[in-house]
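First the structure, in the form of structure tokens, and then the observations on it.
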Amino acid sequence: MEGDMTKGVFFMTPLTDDAVAEATGLGMSAVFVAPENLDPDLGRRLAHDGLEIYLVKDVFQGEAWWTRYPDCRPVGRDGEPMEIAAGWYHGVCPTHPGFREELLQEFDRLLDYEFVSGINLNFLRFPGYWEAARGRESLLEGCTCQRCRSLYGGEPVGPDWERWKAAQIAEFARQIVALRDGKPHRTPIGLHMVPWDDERYAGARPGALGQDLSLLNPLLDYYSPMCHFGLQDQPPTWVGDMTRWTATATGKPVVPVVQAMEVSDDDFAIALPMATAAPSDGAIVFTWEFAKDQPGKRSTLTAAYSA
């Protein structure tokens, strides 16, 4: 991420030579992929050939965790277990000790991959389905399970509760960074950031979700705000607004994620150049599977990435 612009594409399905060849033909220079969708031998070979490989690792989210640790399922203010959101989102309580220990073991393994250019922390926050939120009242906000209540030592409401949540998130990030710092090589660590400024929805990102940049910024190397402008009912120019805000607020490199699914070719043609314009350090098209079969989006990707 130093120097040249990061011309990234996110792959939702297992990475293959054919998919990479097609995407690099359009100008892509960086792959973003979940660890479970990347064969390490393929990753090493692609990195050897000059491609940047970034892992996007889910933190406090995942259906498998609900099965493995049933008590990691968040509890809402009504005392009921959190429901699956949008048919896929399975938030996980960030204070569950068994889950945290197992997840840190996974990070310890991933940080041994010397071919990786960076690891993006995804879902590094308290549970909440931000994509559909249009205010705090519509944000799934958790967790208020008995374990969280006991650890906090009070009623889970108010500014102190929100600061406590943010401290839990930052502490887990600190543990990941400590693992990284104990390795012989330094893998950059970034954040797939909820794309709201600090005041949006009455401070919902740092407060309700516990994703407080004032605590996280000393730990992170770069940011990837998830600029899903269509999901947020925003114009495509908002991608540029969010990129500039993040760069100013953090002073760190910014490589925004740009929504390609369920948006028009014309809007995508506005959004992607907004994402790559200064002060951006690049962009991540989300996702390859939504862009590859649409000629308009392919043309936009080529124009932005082949310059």
Residue that is most open to solvent (accessible area, probe 1.4 Å) [pool: residues in region 190-212 that are out of contact with any helix residue (DSSP H, G or I) (no Cβ under 9 Å at 6 or more places or on another chain) and over 23 Å from residue 95 (Cα atoms)]: 199
Spot the failing condition for residue 14; the list is (1) part of a helix (DSSP H, G or I); (2) surrounded by fewer than 19 Cβ atoms within 10 Å (Cβ to Cβ); (3) in contact with a Leu (Cβ under 8 Å, 6 or more places away or on another chain), and only one is missed. (1)
Looking only at region 117-130, filter to residues that are part of a loop (DSSP other than H, G, I, E, B) and open to solvent by 10 Å² or more (accessible area, probe 1.4 Å); which one of those is nearest to residue 213 (Cα to Cα)? 123
Could you list, ordered by first residue, the pairs with Cβ atoms under 9 Å in which the first is in region 71-82 and in contact (Cβ under 8 Å) with a residue 40 or more places away in the chain and the second is open to solvent by 60 Å² or more (accessible area, probe 1.4 Å) and among the polar types (S, T, N, Q), at least 6 apart or interchain? 75/146
If we keep only residues of region 125-175 that are acidic (Asp, Glu) and more than 25 Å from the chain's Cα centre (by Cα), then the residue nearest to residue 70 (Cα to Cα) is 155
Residue 105, sole failed condition from (1) more than 13 Å from residue 176 (Cβ to Cβ); (2) free of Cβ contacts under 8 Å to residues at least 40 places away in the same chain: (1)
How many residues does region 159-189 contain that are open to solvent by less than 70 Å² (accessible area, probe 1.4 Å), within 19 Å of residue 125 (Cβ to Cβ) and not charged (D, E, K, R)? 13
Quick check: anything in region 75-95 in a strand (DSSP E or B), under 18 Å from residue 168 (Cα atoms), at pLDDT 95 or above and open to solvent by less than 20 Å² (accessible area, probe 1.4 Å)? yes
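The values are calculated or read from the model by the stated rules, or taken from the named source; none is laboratory data. If you're wondering where the values come from, they're calculated on a predicted model, not measured in any experiment. Using ideal geometry, Cβ is built from the backbone for each residue, glycine included, and neighbour counts are taken over all protein chains shown. When the accessible area is computed, the model is the full protein with side chains, heavy atoms only, and any ligands, DNA or RNA have been set aside. Shrake-Rupley method; radii C 1.70, N 1.55, O 1.52, S 1.80 Å.
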